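Encoded as structure tokens, the structure appears first; notes follow it.
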Amino acid sequence: MRKYQDMVFTTSARLVRNDAQAEDISQEVFIKAHEHFDMLATSPTAGGWLKTVATNLSINHLQRYRNRWRFFSEMGGSSSDEDDAPPVDFAAPDTFFDGVDADERRAWVDEALSRLPDHQRIPLVLFHYEELPYDEIARRLGVSLAKVKTDILRARAALAKHLSRSPAGAAAAPTLS
């Protein structure tokens, strides 16, 4: 458990964007691991199994509460004008994080990820962090392949926009309109 606890928590936290819920999901992952201890104790793929279980439980958690979140977000009167915005290009992508240590870079990316709406953040995390193919993401989320591709494209653009506003972005990139 000690060997994999950070990986399991981080996997869940990136998806559900809530540390308390990620802790609950992580605990559930390790309960399942305890139930399968005989198989996992000698398995060289125990880490992959734990990451998959953490991903699946996080997706299940999000789907369980999707309708409730949609209801409350609609009550907030949020407009969908952002969804129609053209993609934003990263300026100077090769030098964007020059002079920034890994911990600071990770914090900026995690902060920018947390600002993305769930429908964009979740497929992006599944694709880039969990390395799932588009069709598997579509299957797990119960949406079309086209929606997954569109959401990932828009998530990348929004992420670039958020990162361009970070201290690293202000130093490395011109102002994006």
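The values are calculated or read from the model by the stated rules, or taken from the named source; none is laboratory data. Please read these numbers as outputs of a predicted model, since none were measured by experiment. Quick reminder, even Gly has a Cβ in these numbers, built from the backbone with ideal geometry, and neighbours come from all protein chains shown.
Pull up the range 45-63, narrow it to residues that are among the hydroxyl-bearing types (Ser, Thr, Tyr) and surrounded by fewer than 21 Cβ atoms within 10 Å (Cβ to Cβ), then point me to the one that is nearest to residue 25 (Cα to Cα).
Initially, the range 45-63 is screened for residues among the hydroxyl-bearing types (Ser, Thr, Tyr), giving 45, 52, 55, 58.
Going one step further and asking which of them are surrounded by fewer than 21 Cβ atoms within 10 Å (Cβ to Cβ), we end up with 45, 52.
Values: 45: 20, 52: 12 Å.
Filtering first and then ranking leaves 52.
Here is a check on your reading of the model: is residue 10 closer than 22 Å to residue 137 by Cα, among the β-branched types (Val, Ile, Thr) and exposed (fewer than 12 other Cβ atoms within 10 Å of the Cβ)? Full working, then the answer.
Numbers: closer than 22 Å to residue 137 by Cα: yes; among the β-branched types (Val, Ile, Thr): yes; exposed (fewer than 12 other Cβ atoms within 10 Å of the Cβ): no.
The answer is no for residue 10.
Among the residues of the range 75-86, are any at pLDDT 85 or above, over 21 Å from residue 9 (Cβ atoms) and either surrounded by 12 or more Cβ atoms within 10 Å (Cβ to Cβ) or in the same structural domain as residue 13 (by TED's automatic domain parsing) (or both)?
Going residue by residue through the range 75-86, those that are at pLDDT 85 or above are none.
Within the range 75-86 (the criterion being at pLDDT 85 or above, over 21 Å from residue 9 (Cβ atoms) and either surrounded by 12 or more Cβ atoms within 10 Å (Cβ to Cβ) or in the same structural domain as residue 13 (by TED's automatic domain parsing) (or both)), the answer is no, since none of the residues qualifies.
Report whether or not residue 131 is modelled with pLDDT of 80 or more and at positive phi. Yes. Residues of the range 6-28 that are among the basic types (Lys, Arg) and not in a helix (DSSP H, G or I): 17 alone. I'm told residue 146 meets every condition in (1) surrounded by 15 or more Cβ atoms within 10 Å (Cβ to Cβ); (2) over 19 Å from residue 16 (Cβ atoms); (3) among the hydrophobic types (A, V, I, L, M, F, W, C) except one. Can you identify the failing condition by its number? Looking at each condition in turn, residue 146 falls short on (1).
For the range 119-134, which residues satisfy the criterion of being within 19 Å of residue 8 (Cα to Cα) and not β-branched (Val, Ile, Thr)?
121, 123, 124, 126, 127, 128, 129, 130, 131, 132
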